[in-house]
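The values are calculated or read from the model by the stated rules, or taken from the named source; none is laboratory data. These numbers come from a predicted model, not from an experiment. Cβ atoms come from the backbone with ideal geometry, glycine included; neighbour counts cover every protein chain shown.
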């Protein structure tokens, strides 16, 4: 059973997934700070001033607290945008490599 476990762990997909989870966690912390400390205050300062609150979590409409929800929505949009840009850049590099390979084959 230990041999099977070792073989399972050493598969490329499992290691790739583990690395992706760790990098994703670190990336999530960076994005959380970017959104929570920079973007959200810049975007929601007028709403917070109008509501007379200093903390985003204190934004509320009656008993409905919407500040954290707005922060989560902004975080989602920022993460989605950054991932879109990363995938777009990766695809451009991949396309360039493919075109280079085709060119090299045609030269032969």
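Some values worked out for this structure:
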| quantity | calculated |
| --- | --- |
| Criterion: under 26 Å from residue 30 (Cβ atoms) and within 12 Å of the chain's Cα centre (by Cα) - qualifying residue of 76, 90 | 76 |
| Lone unmet requirement of (1) without any contact (Cβ under 8 Å) to a residue 12 or more places away in the chain; (2) surrounded by fewer than 10 Cβ atoms within 10 Å (Cβ to Cβ) for residue 55 | (1) |
| Any hit, the stretch 84-98, residues being at pLDDT below 80 and part of a helix (DSSP H, G or I) | yes |
| Evaluation of residue 82 against (1) surrounded by 11 or more Cβ atoms within 10 Å (Cβ to Cβ); (2) over 15 Å from the mean Cα position of the chain (by Cα); (3) under 26 Å from residue 23 (Cβ atoms) (one fails), failing number | (2) |
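Okay, residues lined up against (1) touching a helix residue (DSSP H, G or I) at 6+ places or on another chain (Cβ under 8 Å); (2) within 16 Å of residue 79 (Cα to Cα); (3) surrounded by fewer than 11 Cβ atoms within 10 Å (Cβ to Cβ):
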position: 10; (1), (2), (3): no, no, yes
position: 15; (1), (2), (3): yes, no, no
position: 21; (1), (2), (3): no, yes, yes
position: 32; (1), (2), (3): yes, yes, no
position: 35; (1), (2), (3): yes, yes, no
position: 41; (1), (2), (3): yes, no, no
position: 46; (1), (2), (3): no, no, yes
position: 49; (1), (2), (3): no, no, yes
